[in-house]
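Worksheet: the structure to be examined is printed underneath.
What follows draws every value from the coordinates through simple rules; no lab data is involved. Note that the structure is predicted; figures quoted are calculated from it, not measured. All Cβ positions, even for glycine, are placed from backbone atoms using ideal geometry, and neighbour counts span all protein chains on display.
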Amino acid sequence: MSQALLTVIGEDRPGIVAAVTQALFTADCSIGDASMMRLGGYFTIMQVIDYQRDLGYVEMALEPAIKSLNLRVHLDPISSVALKADLPNTRVTVYGADHPGIVASVTGALAAIGFNVVDLESESSGGVDRPLYVMVIQGFAPDGIESVRKAVLPLREKEGVEVGVHPIEAAVF
Amino acid sequence: MTVLSILTYPDPRLQRKAEAVTTFDDALRQFVDDLTETMYAGPGGVGIAAPQVDRHQRIVVVDVRSKLGDNCHGLMVLINPELVAWEGMAVGREGCMSVPDFTGNVIRAERIQVRAEDVMGRERSYECEGFEARAVQHEMDHLDGFLFLDRLVSRKTDLFRRKNYQK
């Protein structure tokens, strides 16, 4: 069993996920971690797949979907052994009037304390004259949540955005 | 006391609705002791519900002292528990002994009032908040055949926790 990272991009329309996953299924692939979402007017898929034969066979299986839905597809073979990674322990939420530099400023402050971003989702919304930007970052803070608060809370003033820092604790009941 | 074995998803018995307890005898008390022992032996060790050990009766045990110290009710045995009132909502990440190796975000009430009977059949009432309230709600769900998997919400739900953004 080998692993690859599959990237799919196409103009958003119904049926992309179904066509891609059906093709993978018929090519004896199984899907691992996946992120599938609409970004702007495009639908994007990034997913880890386990494949049985060679990548050429996977590409061939995807071909009809690529043609009929006008998709762009990319396959990268990856090491089958997942690196041992730290689980996210902190969530940073940011929202405010959209302006250039919010992400750079927040993630720069996080990088400076060794914060490892595991997941970042953001969305621009609101009206044309009142654009709103929202972002949720999850990651691992090696020095704990207080170091994150110290690093990013000053950005409320500097960037004029709301910033929240919350612990991610999984309680097993 | 005996550590009982835990049913794990996708065992269909976890989805059965539990029956009310009507007899408060020594057999019940023995079972509650075993259930409590099983809870303490588990990975979380803070809560358990009878259906998780294949006993389909409305019995929940919660003890969050390992997490909150003395800032809680200690060991609570909730028999035939009813949620009388609730207030506030919070997102939290939960796992479950019956769903090994998976955790997910779930919305729960922040403060609850629960009425229940104890092992002697005496009526009890508890007001819980935060982590303790979450544990009670998680365990009470088992009595109706629900797992936290039935209540998963997206990470994006966090965006709506505005009142938690302290200035």
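Is it possible to state the helix-based mean residue ellipticity at 222 nm for chain A, with each DSSP H run of 4+ residues giving -39500 (n - 2.57), the sum divided by total residues, to the nearest 500 deg cm²/dmol? What is it? List each step's numbers first, then the result.
On the way: 5 runs with 50 residues, N = 173.
Theoretical 222 nm ellipticity from helices: -8500 deg cm²/dmol.
7 Å from Cα along Cα→Cβ at both A:Ile78 and A:Lys150: what's the point-to-point distance in nm?
Taking the two extended label points, one gets 3.3 nm.
Out of the trypsin sites (Lys or Arg not before Pro) in the range A:38-119, which ones are loop residues according to DSSP with at most 11 other C-beta atoms within 10 Å?
Working: sites: A:Arg38, A:Arg53, A:Lys67, A:Arg72, A:Lys84, A:Arg91; in loops: A:Arg53, A:Lys84.
For trypsin sites (Lys or Arg not before Pro) across the range A:38-119 that sit outside H, G, I, E and B with at most 11 neighbouring Cβ atoms in 10 Å, the list reads A:Lys84.
Students often forget the sequence filter, so: which aspartates and glutamates lie under 17 Å Cα-Cα from A:Lys67 once same-chain residues fewer than 8 apart are removed?
In chain and number order, the partners are A:Glu11, A:Asp12, A:Glu59.
Hey, with R₀ at 45 Å, roughly what FRET efficiency would A:Ala85 and B:Glu123 work out to, going by the Cβ-Cβ distance, to 0.05? Walk me through the numbers before you get to the answer.
Values: r = 49 Å, r/R0 = 1.10.
According to the calculation, E is roughly 0.35.
Near B:Lys67, which aspartates and glutamates are there with a Cα under 16 Å away, not counting those fewer than 8 places off in the same chain?
A:Glu169, B:Glu94, B:Glu129, B:Glu132
Taking only the alpha-carbon atoms of the protein assembly as shown, what semi-axes of the equivalent ellipsoid follow from 5 times the gyration tensor eigenvalues under a square root, in whole Å, largest first? List each step's numbers first, then the result.
Values: eigenvalues 352, 162, 63 Å².
Output for the protein assembly as shown: semi-axes of 42, 29, 18 Å.
Assuming R0 = 30 Å, what is the FRET efficiency of A:Ser105 and A:Leu39, from their Cβ-Cβ distance, to the nearest 0.05?
Working: r = 22 Å, r/R0 = 0.72.
Computed FRET efficiency for A:Ser105 and A:Leu39 comes out at 0.90.
Per 0.36 nm of contour for each residue apart, how much would the distance between B:Thr8 and B:Thr36 grow if the chain were fully extended, relative to their Cα-Cα spacing? Walk me through the numbers on the way to the answer.
Values: separation 28, 0.36 × 28 = 10.08 nm, distance 1.80 nm.
Stretched out fully, the B:Thr8 to B:Thr36 stretch lengthens by 8.3 nm.
How high is the FRET efficiency between A:Arg53 and A:Val118 when r is their beta carbon distance and R₀ equals 30 Å, given to the nearest 0.05?
FRET efficiency, A:Arg53 to A:Val118: 0.45.
Aspartates and glutamates near A:Lys158 by alpha-carbon distance under 17 Å, same-chain residues fewer than 8 away left out - which ones?
By straight Cα distance, A:Lys158 reaches A:Asp98.
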